[in-house]
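Below is one structure; the comments refer to it alone.
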């Protein structure tokens, strides 16, 4: 198992209740960004490996976990000391290495496109993804996060 079930449930509970609004919806921009990243990485992984649901699930987890350091104001090293992850997940989160690291870098490039535009195309090429496909996935991820944020 990539994450211990109890550890993951505990972490999700913390995130879900970190900054709830009065209506029970989450309002933390950082939490919304982490959720959007998770969905974007999942969608890219599904596109890249459509028959491998496990890869998409891991990609979603990498996206969500990628901002845990900022959410909890601790280093990513500290986060990973508390939650056991597969080596490839740790490599992506700590050093942006491997397949999941490429997915994460791509999401970060999209978030900071003005500084990262020249790095976007080589990463898209490695992931066999067009700019149009990435834009569609980004919009789908935003829409998905918005639905969660407003409807719970």
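Of all residues in the stretch 29-66, count the ones that are in a loop (DSSP other than H, G, I, E, B) and either crowded, with 20+ Cβ neighbours inside 10 Å or under 10 Å from the mean Cα position of the chain (by Cα) (or both). Quick ask: steps written out before the conclusion?
The initial filter retains those residues of the stretch 29-66 that are in a loop (DSSP other than H, G, I, E, B), namely 49-52, 66.
Okay, now just the ones that are also either crowded, with 20+ Cβ neighbours inside 10 Å or under 10 Å from the mean Cα position of the chain (by Cα) (or both), so 66.
Selection size over the stretch 29-66: 1.
Considering the conditions (1) within 19 Å of residue 32 (Cα to Cα); (2) out of contact with any helix residue (DSSP H, G or I) (no Cβ under 7 Å at 6 or more places or on another chain), residue 109 is excluded by exactly one of them, (2).
In the set (1) under 15 Å from the mean Cα position of the chain (by Cα); (2) surrounded by 14 or more Cβ atoms within 10 Å (Cβ to Cβ), the condition left unmet by residue 86 is number (1). Would you confirm whether or not the stretch 87-104 contains a residue that is on the phi < 0 side of the Ramachandran plot, modelled with pLDDT under 90 and in contact with a helix residue (DSSP H, G or I) (Cβ under 9 Å, 6 or more places away or on another chain)? Among the residues of the stretch 87-104, not one is on the phi < 0 side of the Ramachandran plot, modelled with pLDDT under 90 and in contact with a helix residue (DSSP H, G or I) (Cβ under 9 Å, 6 or more places away or on another chain), which makes the answer no. Every test in (1) modelled with pLDDT under 95; (2) out of contact with any strand residue (DSSP E or B) (no Cβ under 9 Å at 6 or more places or on another chain) is passed by residue 148 save one, and that test is (2).
Pick from 121, 139, 71: which is surrounded by fewer than 13 Cβ atoms within 10 Å (Cβ to Cβ), modelled with pLDDT under 95 and either farther than 16 Å from residue 35 by Cβ or under 15 Å from the mean Cα position of the chain (by Cα) (or both)?
Values: 139 fails: modelled with pLDDT under 95; 71 fails: surrounded by fewer than 13 Cβ atoms within 10 Å (Cβ to Cβ).
Being surrounded by fewer than 13 Cβ atoms within 10 Å (Cβ to Cβ), modelled with pLDDT under 95 and either farther than 16 Å from residue 35 by Cβ or under 15 Å from the mean Cα position of the chain (by Cα) (or both) holds for just one of 121, 139, 71, which is 121.
Looking only at the stretch 106-137, filter to residues that are outside any helix (DSSP H, G or I) and touching a residue at least 60 places away in the same chain (Cβ under 8 Å); which one of those is nearest to residue 62 (Cα to Cα)? For the stretch 106-137, the residue satisfying everything is 127.
The values are calculated or read from the model by the stated rules, or taken from the named source; none is laboratory data. Please read these numbers as outputs of a predicted model, since none were measured by experiment. When we count neighbours, we look across all protein chains shown, and the Cβ atoms used for this are built from the backbone with ideal geometry, even at glycine.
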